[in-house]
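Colleague: Supplied in structure tokens, the structure appears directly below.
What follows is calculated from the coordinates using simple rules that are stated; it is not laboratory data. These numbers were taken from a predicted model, which means no experiment stands behind them. Here Cβ is always computed from backbone atoms with ideal geometry, including for glycine, and neighbour counts include all displayed protein chains.
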Amino acid sequence: MKTCIRNAVLTVTAVSVSVALAACGQSGESAVGGGNGGPSIGLLVPDAVTPRWETNDRPLLEKKIKELCGDCTVVHANARGDVATQQQQVDSMITRGVDALVLVAVDARALSSAVGKAEEAGIPVIAYDRLSEGPISGYVSFNGQEVGRLQGRALLQAMHERGHGDEIVMINGDPTDPNAVAFKEGALSVLRGKVKIGKMFDTPMWRSDLANMNMSGAIADLGADHINGVYSANDALASGIISSLRANKISPLPPVTGQDADLGGVRRIVDGEQYMTVWKPFQPEAAAGAAMAVAAARGENLDRMATGKVSNRSEKAVPAVLLTPVAVTADNIKDTLVKGGVYTIQQICIPRLRAACDKAGLTG
């Protein structure tokens, strides 16, 4: 907010100051904490389609930043899946004069010029969960290829247990998301030569309705008997895929993978509709992201907290914290998500799932 206030004072009359300040809060922004002249940190998330951004990552990041920096202000905005909106939000953060920016890019390549603008303004950018292009200062995420490998191994295991064939459909994530590319590469490293990939699709903006449409197209082209498994890059896509399988009266359902441990996905696993998900524990990721953001806002060296380096086509290696993902099936929900404090038994085991929860050892 410092730059915005300074420009308002220097260039407008006292009557117009409130108008200038209002302009600094455009693009659906909201701010929490601070107010004592401490550092300000921008937090830009990509969409409202994937539940984790607003229900997990945002509140955890805000809480941890406040723990580490009591006088910090966190300014948040959601791009609603639109690249142009997120570019405008970066511009708004630059105008505000934030001291650091945590960015989950809608489109890593398209946002590279915006990242460059931030660097020119002296604002370090921490790429969170997705590796953004451009001159970022730090990166926090999970090992994307390991996520794909966990999904691929689980799918092979489920197909082996059922023994009905070796043909699959792959429904990948957004091709502009570097994470989706890594998930796909990791999964293919496990699946190639062991299954026949009947159809493969990418899914712009991680939209479950597109996954539903593509799954229906695959069923029409291949036939229900030739779909023995479905690689789904995350739980939101799995929801659309399973809806399509149900609508096409496919029974029993083939094993379907997932990721993010969304509550809906966990319930589908308990119910037998989805085979697995990948849990990327939000707390350590948010803690690392918050620590990097606060250090960057204070002008501190990020190498001291990095566990490694990554490359994003920029000229320098980027300090990174890469965490380890966890595969979750019905057999270990209790030992992972429940013990990890992600969900309670009551949240998972709604009345219609009571019998399934008993079978999975979650109740009783």
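Colleague: Looking at the P(r) of region 144-253, how many percent of alpha-carbon pairs lie beyond 25 Å?
Modeller: Result: 12 percent of Cα pairs exceed 25 Å.
Colleague: Please report how far the C-alpha centroid of region 330-364 lies from that of region 165-238, rounded to the nearest whole angstrom.
Modeller: 27
Colleague: For Val102, list long-range residues whose amide hydrogen, built 1.01 Å from N in the peptide plane, is under 5 Å from its own amide hydrogen.
Modeller: Here Gly42, Leu43, Leu44, Ile126 satisfy the definition.
Colleague: Calculate one ³J(HN,Hα) per residue across region 221-231 by plugging θ = phi - 60° into the Karplus curve 6.51 cos²θ - 1.76 cosθ + 1.60, and present them in order as whole Hz with x for glycine and proline.
Modeller: Going residue by residue, I get 7, 8, x, 4, 6, 9, 10, 9, x, 10, 7 Hz, with x marking Gly and Pro.
Colleague: With +1 on the Cβ of every Lys and Arg and -1 on the Cβ of every Asp and Glu, and nothing else charged, how large is the dipole of region 144-253 about its Cα centre, in debye rounded to the nearest 20?
Modeller: 240
Colleague: Continuing with the same structure: What dipole magnitude, in Debye to the nearest 20, does the chain give about its Cα centre under +1 on Lys/Arg Cβ and -1 on Asp/Glu Cβ?
Modeller: Computed about the Cα centre, the dipole is about 420 debye.
Colleague: For region 144-253, build the charge dipole from Cβ charges (+1 Lys, Arg; -1 Asp, Glu) around the Cα centre, then report which of Met205, Leu156, Ala220 sits farthest towards its positive end.
Modeller: Final value for the positive-end residue is Leu156.
Colleague: Can you list the HN-Hα couplings for region 181-193, worked out from phi with the Karplus curve (6.51, -1.76, 1.60; θ = phi - 60°), rounded to whole Hz and with x for Gly and Pro?
Modeller: Residue by residue, region 181-193 yields 5, 5, 4, 4, 4, x, 5, 5, 4, 8, 8, 4, x Hz.
Colleague: Can you pick out the pairs among Lys63/Lys309; Lys184/Lys339; Lys280/Lys334; Lys63/Lys316 whose Cα atoms lie more than 20 Å from each other? All intermediate terms of the calculation are to be shown ahead of the outcome.
Modeller: On the way: Lys63/Lys309 26 Å; Lys184/Lys339 29 Å; Lys280/Lys334 16 Å; Lys63/Lys316 31 Å.
Lys63/Lys309; Lys184/Lys339; Lys63/Lys316, as the Cα separations exceed 20 Å there.
Colleague: Oh, and also: How big is the C-alpha Rg of the chain next to the rule-of-thumb value 2.2 N^0.38 Å, as a ratio? Walk me through the numbers on the way to the answer.
Modeller: Details: Rg = 22.0 Å, N = 364, 2.2 N^0.38 = 20.7 Å.
Relative to the rule-of-thumb radius for its length, the chain sits at 1.06.
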